[in-house]
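Engineer: Can you keep this structure in mind? I'll have questions shortly.
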Amino acid sequence: MKVAVLGAGPAGLYFAISMKRRNPAHQITVFERNRPDDTFGWGVVLSAETLDNLAANDAVSAAWIREYFAYWDDIAVLHKGVRTVSTGHGFCGIGRKRLLLLLQRRARDLGIDLRFETVIDDPKPLMGSHDLVIGADGLNSRSRAAFAEVFKPDIDVRKCKFVWLGTRQKFDDAFTFIFEETEHGWVWAHAYQFEPETATFIVECSEEAWAAWGFGDMTQEQSIATCERIFVRHLGGHSLMSNARHLRGSAWINFPRVLCERWSHKNLALLGDASASAHFSIGSGTKLALESAVALADYLHSEPGLAAAFDKYEGARRTEVLRLQSAARNSLEWFEEVERYLDLDPVQFNYSLLTRSQRISHENLRLRDPEWLGGAEAWFQRCSGNTDNVRRAPMFAPFQLRDLRLKNRVVVSPMAQYKAIDGCPTDWHFAHYAERAKGGGGLVHIEMTCVSPEGRITPGCTGFYAPEHEVAWKRLVDFVHAETEAKICAQIGHSGAKGSTQLGWQQIDAPLPNGNWPLMAASEVAWSPDNQVPKAMDVADMARIKEQFVASAEMAARCGFDMLEIHAAHGYLLSSFITPLTNHRTDEYGGSLENRLRYPLEIFHAVRAVWPGHKPISVRISANDWMGDQGVTPAEAVEIARLLQAAGVDICDVSAGQTSIRARPVYGRMFQTPFSDRIRNETGMATMAVGNIYEPDHVNSILLAGRADLVCLARPHLADPYWTLHAAVQLGDRDVKWPDPYLNGRDQLYRLSERTATAGSVGGLKV
């Protein structure tokens, strides 16, 4: 096969080597625009696993690479004058120039034709003269650009500026992050050793700080001198160096996140950064490039033709690429917003940094460095007011709002049961909520309970508007208080345009086949073309519904609920005022955010006036409409939270979406937690996180990183009412309170857990 490879970076060279190793008869030419020793960047990070994969593919080059590896196990974080070190991370690195020179040497030994200082602006002529063309020409790939309509690249240029430098200063004891506050804002460095005398020193900052320093108008020399002044305390008298002299200007760039819809066209395939890029802060770009090169070479020899090989390549590698890109996105977004976290205590800041990508979990940190994590957990417990047993996971730390003190940070989310009769909860509700209160969670939410018959979502929704409702709810509250340590929260709301619909397990959000009742909302905007158009509320409607909220709050207070939540999310009545997607009013209740929030705040103030002063009130919001600037954005959600906080709301229950059928949410693990994180750390307001949180690891990492104060779990509690008690067993925690009649069952679980621990682990976690 006659093969042309465009680009002599790690991806291109290693693909050429891998192809030649599989068939020495291949005629392979590698074209590179730069000279052999030109390279942007200093050290690159790999893993022991990656090196093992390389050894299996080509033992010769792997042995050469291993000879020059630098190894380190620690991560050091310098923040607020405190150096925090954790261990067990297992990194290895090599100079990028060294890696390229070794791969060039190996390629030449195998008979591969390397042509440097050769510019290929258009791959099309080579596609005609060669059997196979590989576009491994980097982030700014001309191969990709030539067929952009086919590859459909999504190129997201990120916010921070960075410059890749080196230094003779030693950072050989740890991968080091340095955060410096300057007169023009924060500037930080990623530093690590990659050979005995040289370390990588990547300097990064926000666009605003970069502009304020004037880096854009500096020469490389001036830029380097300025960075030396900023980090003078950490350089030990050594200078910073650039190996990007072949680039014009100061060599500062914005990282472009690249993802192509397709990676191949005819006989051309994209490889490495040309097809997908991963941010340098997780050190996986070279790993992706090398492992994708091996995979592509494999499939080109195992499959019957190019088309089949390309299909196999994309199918096999895309999942891994997306997984790493997701982690990289989490990591780069953390650094982009790092100033949000810089006021955190150094312990919490360090934990937040270590877990930023979500690749390192809470229990994974325990395996890496149990001593450091134990100290961090003890710090969290002390900050929570627990002085008894500080060696507990964060989820078992107490939490206080006003006079409400929760025994732990686990919340049973409000989940509609659709089993009420004329708004009255039944034995189903009693059994459902009683079981979950016995299950160990600190706080149990009841489902959205409606303030009027017309405010119900479905005929099966519960209410707070009839005497029999009060009797039924009080029976439940009395049981929870008498038989458990849990506290119980009443959530009140009005369905708005999403009312008069079928039960949740029927056709969700669809109108009733018959017996529909009239709807009202902020504006005449139907939930969908199939739903009825609601009446736009007038002043009289607003006054009447406000009275209904007040009456419901008074009933909840008489029932003895410990906390109250006002539902202002998910497209229901109050949400319809907040989001511009459904608020088209031209009066004082429409237009600006302050106007759109006016009526929900009027409801809150009226409810707060009748709700007992020693008990807290929460407000649930949709922090992202998933509609871009057309709807509520995460940035606007921060402002919503500020207004709620100023009004006296005690905690913000941060959900997202469900405000429009046109929304395009981005799902994933803990996918709504970033909104809680942002609100909490930009406003200082207490928050609850919710959204695809289902493991103790998730809960503990969210809490210790300071991303929320309470963590809500819905579906896990539907599947297991005793989720919290079972999580305690899994984590080896013996201080949770079980119901007395269940102690024999508890003890059996403890024995089984201990027996399993002697044999290894439970679910991968040491117990």
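Engineer: Restricting segment 193-210 to residues that are in contact (Cβ under 8 Å) with a residue 60 or more places away in the chain and among the aliphatic types (A, V, I, L, M), which is nearest to residue 182 (Cα to Cα)?
Structural biologist: Applying the filter and picking the extreme gives 202.
Engineer: Next question, about the same structure. Quick one: which of 497, 490, 482 is closer than 30 Å to residue 722 by Cα, touching a Leu at 6+ places or on another chain (Cβ under 6 Å) and either assigned by TED's automatic domain parsing to the domain that holds residue 426 or not in a loop (DSSP other than H, G, I, E, B) (or both)?
Structural biologist: Being closer than 30 Å to residue 722 by Cα, touching a Leu at 6+ places or on another chain (Cβ under 6 Å) and either assigned by TED's automatic domain parsing to the domain that holds residue 426 or not in a loop (DSSP other than H, G, I, E, B) (or both) holds for just one of 497, 490, 482, which is 490.
Engineer: Follow-up. Could you check how many residues of segment 335-346 are in a helix (DSSP H, G or I) and surrounded by fewer than 21 Cβ atoms within 10 Å (Cβ to Cβ)?
Structural biologist: Number of matching residues: 4.
Engineer: Quick one: in segment 53-83, which of the residues that are out of contact with any helix residue (DSSP H, G or I) (no Cβ under 7 Å at 6 or more places or on another chain) and among the aromatic types (Phe, Trp, Tyr) is surrounded by the most Cβ atoms within 10 Å (Cβ to Cβ)?
Structural biologist: Here the residue is 72.
A quick yes/no check of all residues on (1) touching a strand residue (DSSP E or B) at 6+ places or on another chain (Cβ under 6 Å); (2) of a type in the set (S, T, N, Q):
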| residue | (1), (2) |
| --- | --- |
| 445 | yes, no |
| 450 | yes, no |
| 454 | no, no |
| 458 | yes, yes |
| 462 | yes, yes |
| 474 | no, no |
| 491 | yes, yes |
| 498 | no, no |
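Engineer: Is one or more of the residues making up segment 130-139 over 16 Å from residue 207 (Cα atoms), out of contact with any strand residue (DSSP E or B) (no Cβ under 6 Å at 6 or more places or on another chain) and surrounded by fewer than 21 Cβ atoms within 10 Å (Cβ to Cβ)?
Structural biologist: Scanning segment 130-139, I find no residue that is over 16 Å from residue 207 (Cα atoms), out of contact with any strand residue (DSSP E or B) (no Cβ under 6 Å at 6 or more places or on another chain) and surrounded by fewer than 21 Cβ atoms within 10 Å (Cβ to Cβ), so the answer is no.
Engineer: Here's another thing I want to ask about it. Scan 551, 540 and give me the residue that is over 18 Å from residue 456 (Cβ atoms) and either of a type in the set (Val, Ile, Thr) or assigned by TED's automatic domain parsing to the domain that holds residue 452 (or both).
Structural biologist: Going through 551, 540 in turn, just one is over 18 Å from residue 456 (Cβ atoms) and either of a type in the set (Val, Ile, Thr) or assigned by TED's automatic domain parsing to the domain that holds residue 452 (or both): 540.
Engineer: Within segment 266-296, which residues are more than 28 Å from the chain's Cα centre (by Cα), surrounded by fewer than 24 Cβ atoms within 10 Å (Cβ to Cβ) and of a type outside the set (Val, Ile, Thr)?
Structural biologist: Listed by number, the residues that qualify are 266, 267, 295.
Engineer: Oh, and also: When segment 111-144 is examined, which residues are found to be in contact with a Gly (Cβ under 6 Å, 6 or more places away or on another chain), of a type in the set (Ser, Thr, Tyr) and in a loop (DSSP other than H, G, I, E, B)?
Structural biologist: Result: 141, single match.
Engineer: Where in segment 356-450 are there strands (runs of 3 or more DSSP E), lying fully within it, with 1 or more residues that are among the basic types (Lys, Arg)?
Structural biologist: The strands (runs of 3 or more DSSP E) meeting that bar are 404-406.
Engineer: Given the conditions (1) within 16 Å of the chain's Cα centre (by Cα); (2) under 18 Å from residue 374 (Cα atoms); (3) touching a residue at least 40 places away in the same chain (Cβ under 8 Å), which single one is not true for residue 681?
Structural biologist: Unmet condition: (2).
Engineer: Also: Considering only segment 191-223, state which residues are β-branched (Val, Ile, Thr) and buried (at least 22 other Cβ atoms within 10 Å of the Cβ).
Structural biologist: 200, 203
Engineer: Only residues that are closer than 21 Å to residue 337 by Cβ and either surrounded by fewer than 14 Cβ atoms within 10 Å (Cβ to Cβ) or not basic (Lys, Arg) (or both): list them for segment 156-170, please.
Structural biologist: Across segment 156-170, the qualifying residues are 156, 157, 160, 162, 163.
Engineer: So, one more: Among the candidates 269, 278, 309, which residue alone is assigned to a helix (DSSP H, G or I), assigned by TED's automatic domain parsing to the domain that holds residue 12 and among the aliphatic types (A, V, I, L, M)?
Structural biologist: None of the other options fit; the residue is 309.
Engineer: Failed condition for residue 311, given (1) buried (at least 18 other Cβ atoms within 10 Å of the Cβ); (2) modelled with pLDDT of 95 or more, with all others met?
Structural biologist: Checking residue 311 against (1) buried (at least 18 other Cβ atoms within 10 Å of the Cβ); (2) modelled with pLDDT of 95 or more, the one that fails is (1).
Engineer: Is it true that some residue in segment 503-518 is under 23 Å from residue 620 (Cα atoms), in a loop (DSSP other than H, G, I, E, B) and charged (D, E, K, R)?
Structural biologist: yes
Engineer: Any residue in segment 41-69 that is assigned by TED's automatic domain parsing to the domain that holds residue 172 sitting within a Cβ distance under 6 Å of a residue that is part of a loop (DSSP other than H, G, I, E, B) and modelled with pLDDT under 90? List the pairs, counting only those 6 or more apart or interchain.
Structural biologist: Qualifying pairs under 6 Å: 45/283.
Engineer: Now a separate question. Restricting attention to segment 466-478, does a residue exist that is in contact (Cβ under 8 Å) with a residue 24 or more places away in the chain, assigned to a loop (DSSP other than H, G, I, E, B) and within 28 Å of residue 545 (Cα to Cα)?
Structural biologist: Checked segment 466-478: at least one residue is in contact (Cβ under 8 Å) with a residue 24 or more places away in the chain, assigned to a loop (DSSP other than H, G, I, E, B) and within 28 Å of residue 545 (Cα to Cα).
Engineer: Looking only at segment 710-759, how many residues end up being closer than 19 Å to residue 485 by Cα and among the charged types (D, E, K, R)?
Structural biologist: 7
Engineer: Residue 687 passes all but one of (1) polar (S, T, N, Q); (2) within 26 Å of residue 323 (Cα to Cα); (3) in contact with a strand residue (DSSP E or B) (Cβ under 9 Å, 6 or more places away or on another chain); which number fails?
Structural biologist: With (1) polar (S, T, N, Q); (2) within 26 Å of residue 323 (Cα to Cα); (3) in contact with a strand residue (DSSP E or B) (Cβ under 9 Å, 6 or more places away or on another chain) applied to residue 687, the lone miss is (2).
Engineer: Could you check segment 662-684 and list, in sequence order, the residues that are outside any helix (DSSP H, G or I) and among the β-branched types (Val, Ile, Thr)?
Structural biologist: Passing the criteria: only 666.
Engineer: Now for a different question. With the condition being modelled with pLDDT under 95, I'd like the strands (runs of 3 or more DSSP E) fully within segment 1-85 carrying at least 1 qualifying residues.
Structural biologist: 43-46, 70-72, 75-79
Engineer: Next up: If you take the residues of segment 423-441 that are in contact (Cβ under 8 Å) with a residue 60 or more places away in the chain and touching a strand residue (DSSP E or B) at 6+ places or on another chain (Cβ under 6 Å), which of them is surrounded by the fewest Cβ atoms within 10 Å (Cβ to Cβ)?
Structural biologist: So, considering only residues that are in contact (Cβ under 8 Å) with a residue 60 or more places away in the chain and touching a strand residue (DSSP E or B) at 6+ places or on another chain (Cβ under 6 Å), the one surrounded by the fewest Cβ atoms within 10 Å (Cβ to Cβ) is 436.
Engineer: Here's a check for you: in segment 627-661, which residue that is in a helix (DSSP H, G or I) and among the charged types (D, E, K, R) is farthest from residue 701 (Cα to Cα)?
Structural biologist: For segment 627-661, the residue satisfying everything is 629.
Engineer: Which residue, of 551, 536, 540, is without any contact (Cβ under 8 Å) to a residue 40 or more places away in the chain, surrounded by fewer than 23 Cβ atoms within 10 Å (Cβ to Cβ) and aliphatic (A, V, I, L, M)?
Structural biologist: Unique residue meeting the criteria: 540.
Engineer: Quick test of your reading of the structure: residue 757 fulfils all but one of (1) aliphatic (A, V, I, L, M); (2) modelled with pLDDT of 95 or more; (3) not in a loop (DSSP other than H, G, I, E, B). Name the failing condition by number.
Structural biologist: Condition not satisfied by residue 757: (2).
Engineer: Looking for something more than 22 Å from residue 413 (Cβ to Cβ), without any contact (Cβ under 8 Å) to a residue 12 or more places away in the chain and assigned by TED's automatic domain parsing to the domain that holds residue 447 - is there at least one such residue anywhere in segment 554-561?
Structural biologist: no
The values are calculated or read from the model by the stated rules, or taken from the named source; none is laboratory data. The structure displayed is predicted, hence computed values, not measured ones. Cβ coordinates were reconstructed from backbone atoms using ideal geometry, including for glycine residues, and neighbour counts include every protein chain displayed.
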